[in-house]
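Participant: Here you go, one structure.
The values are calculated or read from the model by the stated rules, or taken from the named source; none is laboratory data. As the structure is a prediction and not an experimental result, all values here were calculated from the model. As a convention, Cβ positions derive from the backbone with ideal geometry for all residues, glycine included, and neighbour counts pool all protein chains shown. Please note that ligands, DNA and RNA were not included when accessible areas were found on the heavy atoms of the full protein model with its side chains. Shrake-Rupley method; radii C 1.70, N 1.55, O 1.52, S 1.80 Å.
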Amino acid sequence: MTAGAAGADGADGDAGAVGASDRAGAGRTDRADVIVVGAGIAGLVAAEAVYRAGRSVLVIEARDRVGGRMRSVGDANGAIELGATWFWANESAVIALVDRLGVDTFDQFSSGDALFEPGRRRMSGVPGVGDARRFTAGAGDLAGRLAARLPPGSVRLGSPVVALEVDDDEVRVRTAHGEHRARHAVVALPPPLVAERIAITPQPPAALAEKVVRTQVWMGEMTKAVAVYPEAFWRDEGLSGLVMSHQGPFREIHDHSGPHGSPSAVFGFAPSASFVGVDEIAIAEAFTAQLVRLFGGRAARPSRVDVVDWSRESWTTPARPHPERSTAGYGDPVFAVPVGGRLHWASTETATRFAGHVEGAIRSGLRAADAVVGALAGA
Ligand SMILES: Cc1cc2nc3c(=O)[nH]c(=O)nc-3n(C[C@H](O)[C@H](O)[C@H](O)COP(=O)(O)OP(=O)(O)OC[C@H]3O[C@@H](n4cnc5c(N)ncnc54)[C@H](O)[C@@H]3O)c2cc1C
């Protein structure tokens, strides 16, 4: 095995990089009608909608890439997803975006029998993830395409926002590199990360602050591993690649091959709590060992294994998640009320429907853009 562990952001071949973006923009002070904090899909959808409405926009992103939890490696011929993978037929906002951006998609492979652990029990007709579809060039490609629709220089990478100050006339957005000013801002990152990393003035109302800090980051405490093979050998044995395991460490495994079976791959999800203190190489080895137990000796030699423990991604999951974090506050009405009338909320956790999914993230970005464009028109 040439054990690759994707690990922290910045791995080669990350599909989220964009030519239209700028790194840091050191020392610059810029003004725009709207500043969006976070270049995940929610932030980019919001930014592009604001720009299409004829307003100027800046996107300030902490990482060196766009896409956030939509992170792909590979190229247009076959992407490996290290974050979001699927969308479904009832997700109208994803489908509308896919159509508008001209993105190719394909069906998740699901033919054959599933395996259950313990005991490697084989069962036919297990629906798995239903009618899920995938993005041919990767989920990260959607983010890259949206960013490329913005004017050059509008996306500032490598610029963590540390403070947001709202007053009667504007919002000041501070990064380690400087200060930017806008009439409105959209915070498009998981709410508890805002609480942990960004000082907001004036302090948000208590009811909002409480929701923000207790919101659980969707998939923020999961580890995903992807093993790539020269061929999808499990298919030869009539297996779909779907595994449900009570034995672990990976609880759920799926075929992750490209549209025509290439690249050939499987991925697994495990709770990050299973790997406290375990490095990514050892996680990759544990995944391979489980695949050998399930699929036999041919699984022993993956050409690469990528691992991302999303709980270790400091631009996704707080270092100290709230002990009573939950999904109960997803889409709470407090997120629809802008702080000081100028600081708006987005991110999948704030969506009133499909919260957690890419669909929810897109809807939250469109909602925030509507609110901002409406406020600017009424000003
Ligand atoms: C392993 C995994 C599998 C998933 N599978 C699926 C799936 O199959 N289908 C599905 O629909 N959904 C799936 N999801 C969920 C999906 O990825 C998310 O719903 C969606 O990507 C969230 O987008 P977002 O824009 O709301 O947030 P994010 O993608 O988290 O974007 C937030 C952005 O803000 C940036 N940021 C953070 N802090 C700062 C700061 N201080 N200053 C500036 N920028 C900052 C981050 O770097 C990031 O780019 C999965 C998620 C994971 C992790």
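Residue-by-condition table, conditions (1) surrounded by 18 or more Cβ atoms within 10 Å (Cβ to Cβ); (2) assigned to a helix (DSSP H, G or I); (3) more than 22 Å from the chain's Cα centre (by Cα); (4) within 15 Å of the ligand (Cβ to nearest atom):
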position: R172; (1), (2), (3), (4): no, no, yes, yes
position: E179; (1), (2), (3), (4): no, no, yes, yes
position: R183; (1), (2), (3), (4): yes, no, yes, no
position: W218; (1), (2), (3), (4): yes, no, no, yes
position: V226; (1), (2), (3), (4): yes, no, no, yes
position: R235; (1), (2), (3), (4): no, yes, yes, no
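Participant: Something else about it: Any chance you could count how many residues in the stretch 126-135 are open to solvent by 10 Å² or more (accessible area, probe 1.4 Å) and either under 17 Å from R100 (Cα atoms) or in contact with a strand residue (DSSP E or B) (Cβ under 7 Å, 6 or more places away or on another chain) (or both)?
Facilitator: Within the stretch 126-135, residues that are open to solvent by 10 Å² or more (accessible area, probe 1.4 Å) and either under 17 Å from R100 (Cα atoms) or in contact with a strand residue (DSSP E or B) (Cβ under 7 Å, 6 or more places away or on another chain) (or both) number 4.
Participant: Does the stretch 136-146 contain at least one residue that is in contact with a helix residue (DSSP H, G or I) (Cβ under 7 Å, 6 or more places away or on another chain), open to solvent by 70 Å² or more (accessible area, probe 1.4 Å) and not polar (S, T, N, Q)?
Facilitator: The answer is yes, given that some residue of the stretch 136-146 is in contact with a helix residue (DSSP H, G or I) (Cβ under 7 Å, 6 or more places away or on another chain), open to solvent by 70 Å² or more (accessible area, probe 1.4 Å) and not polar (S, T, N, Q).
Participant: Further question on the same structure: If we keep just the residues of the stretch 336-359 that are more than 17 Å from G378 (Cα to Cα) and in contact with a Leu (Cβ under 9 Å, 6 or more places away or on another chain), which is farthest from the ligand (Cβ to nearest atom)?
Facilitator: My answer is V339.
Participant: From the set of residues in the stretch 193-213 that are open to solvent by 10 Å² or more (accessible area, probe 1.4 Å) and within 12 Å of the ligand (Cβ to nearest atom), which is farthest from Y51 (Cα to Cα)?
Facilitator: Ranking the candidates gives E196 first.
Participant: Specify the residue that is nearest to the ligand (Cβ to nearest atom); the eligible residues are those in the stretch 111-167 that are acidic (D, E) and in contact (Cβ under 8 Å) with a residue 60 or more places away in the chain.
Facilitator: Applying the filter and picking the extreme gives D141.
Participant: Do we have D113 as modelled with pLDDT of 95 or more, under 29 Å from G258 (Cα atoms) and surrounded by fewer than 21 Cβ atoms within 10 Å (Cβ to Cβ) here?
Facilitator: Answer is yes for this residue.
Participant: A follow-up question, please. So, in the stretch 295-315, of the ones that are buried (at least 21 other Cβ atoms within 10 Å of the Cβ) and aliphatic (A, V, I, L, M), which residue ends up nearest to the ligand (Cβ to nearest atom)?
Facilitator: V308
Participant: Sticking with this structure for a sec: Could you tell me which residue of the stretch 346-371 is nearest to T215 (Cα to Cα), considering only residues that are open to solvent by less than 10 Å² (accessible area, probe 1.4 Å) and in contact with a strand residue (DSSP E or B) (Cβ under 6 Å, 6 or more places away or on another chain)?
Facilitator: E349
Participant: Among the listed residues A39, A49, A62, A53, which satisfies the condition of being open to solvent by less than 10 Å² (accessible area, probe 1.4 Å) and at pLDDT 95 or above?
Facilitator: Criteria check complete, one pass: A39.
Participant: Does at least one position in the stretch 20-28 carry a residue that is at pLDDT 95 or above, in a loop (DSSP other than H, G, I, E, B) and open to solvent by less than 10 Å² (accessible area, probe 1.4 Å)?
Facilitator: no
Participant: Then there's this: How many residues are away from the ligand (no atom under 12 Å from the Cβ), assigned to a loop (DSSP other than H, G, I, E, B) and not small (G, A, S) when one looks only at the stretch 93-110?
Facilitator: 3
Participant: Condition test on L189, is it buried (at least 18 other Cβ atoms within 10 Å of the Cβ), modelled with pLDDT of 95 or more and part of a loop (DSSP other than H, G, I, E, B)?
Facilitator: When the stated conditions are applied, L189 passes them.
Participant: Another one. Give me a count of the residues in the stretch 136-147 that are within 17 Å of A42 (Cβ to Cβ) and over 14 Å from the mean Cα position of the chain (by Cα).
Facilitator: Here the count works out to 3.
Participant: With more than 22 Å from the chain's Cα centre (by Cα) and within 27 Å of D279 (Cβ to Cβ) as the only criterion, which of S240, S262, S245 stands out?
Facilitator: S245
Participant: Within the stretch 316-335, can you find the residues that are touching a residue at least 60 places away in the same chain (Cβ under 8 Å), within 16 Å of the ligand (Cβ to nearest atom) and either open to solvent by less than 60 Å² (accessible area, probe 1.4 Å) or polar (S, T, N, Q) (or both)?
Facilitator: T316, T317, P318, P321, T327, G329, Y330, D332, F335 - these are the residues of the stretch 316-335 that are touching a residue at least 60 places away in the same chain (Cβ under 8 Å), within 16 Å of the ligand (Cβ to nearest atom) and either open to solvent by less than 60 Å² (accessible area, probe 1.4 Å) or polar (S, T, N, Q) (or both).
Participant: Would you say G277 is in a loop (DSSP other than H, G, I, E, B), more than 12 Å from the ligand (Cβ to nearest atom) and over 21 Å from A209 (Cβ atoms)?
Facilitator: Spelling it out, G277 is indeed in a loop (DSSP other than H, G, I, E, B), more than 12 Å from the ligand (Cβ to nearest atom) and over 21 Å from A209 (Cβ atoms).
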